[in-house]
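Trainee: Submitted below is the structure of interest, expressed as structure tokens.
The values are calculated or read from the model by the stated rules, or taken from the named source; none is laboratory data. Since the model is a prediction, treat every value here as computed from it, not as a measurement. Glycine gets a Cβ as well: all are built from the backbone with ideal geometry, and neighbour counts include every protein chain shown.
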Amino acid sequence: MADQLMIYWAQSLAQEMFWDAMKLWLVCFLILFFGAEAAQWLGHLPWVSSVELSLPLTIAGGIGLAIASNYVALFGRNWPTFSSLPTKSADPSWPSPTAPPTPAVVAPIKSAKASRKADTISFEIKKP
């Protein structure tokens, strides 16, 4: 019974988060779509066609990025993600996995010393 309740709760939480994310994407799409249509319509008007809109659009983009980066502080919750869903616990009837054996500590191999000239960054390898 508890497993079914947890599965139902996880499914309803996933659906709620999915719809929250879809609402966010829909609102963003509509804002961008109508903003582009308004900019195109305003560009055809003779008194607006001489106005340069790159600075206001840059400022609006910066405000949008500031809102997105401070989402938690403004709205008090994180972006909706699916990683926060609860996972099903392991079946207690299964034996617990054993830890892998620890590797033996091996002493480092001493390498032959290479001679180095003072005026270069290269070195010579002596043959044995």
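Trainee: Here's a check for you: in segment 1-34, which residue that is in contact (Cβ under 8 Å) with a residue 24 or more places away in the chain and not hydrophobic (A, V, I, L, M, F, W, C) is surrounded by the most Cβ atoms within 10 Å (Cβ to Cβ)?
Mentor: Asp20
Each row is one residue, and each column tells you yes or no for (1) over 19 Å from Trp25 (Cβ atoms); (2) assigned to a loop (DSSP other than H, G, I, E, B); (3) more than 20 Å from the chain's Cα centre (by Cα); (4) modelled with pLDDT under 70.
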{"residue": "Glu52", "(1), (2), (3), (4)": "yes, yes, yes, no"}
{"residue": "Pro56", "(1), (2), (3), (4)": "yes, no, yes, no"}
{"residue": "Leu65", "(1), (2), (3), (4)": "no, no, no, no"}
{"residue": "Leu74", "(1), (2), (3), (4)": "no, no, no, no"}
{"residue": "Trp79", "(1), (2), (3), (4)": "no, yes, no, yes"}
{"residue": "Asp91", "(1), (2), (3), (4)": "yes, yes, yes, yes"}
{"residue": "Trp94", "(1), (2), (3), (4)": "yes, yes, yes, yes"}
{"residue": "Thr98", "(1), (2), (3), (4)": "yes, yes, yes, no"}
{"residue": "Pro108", "(1), (2), (3), (4)": "yes, yes, yes, yes"}
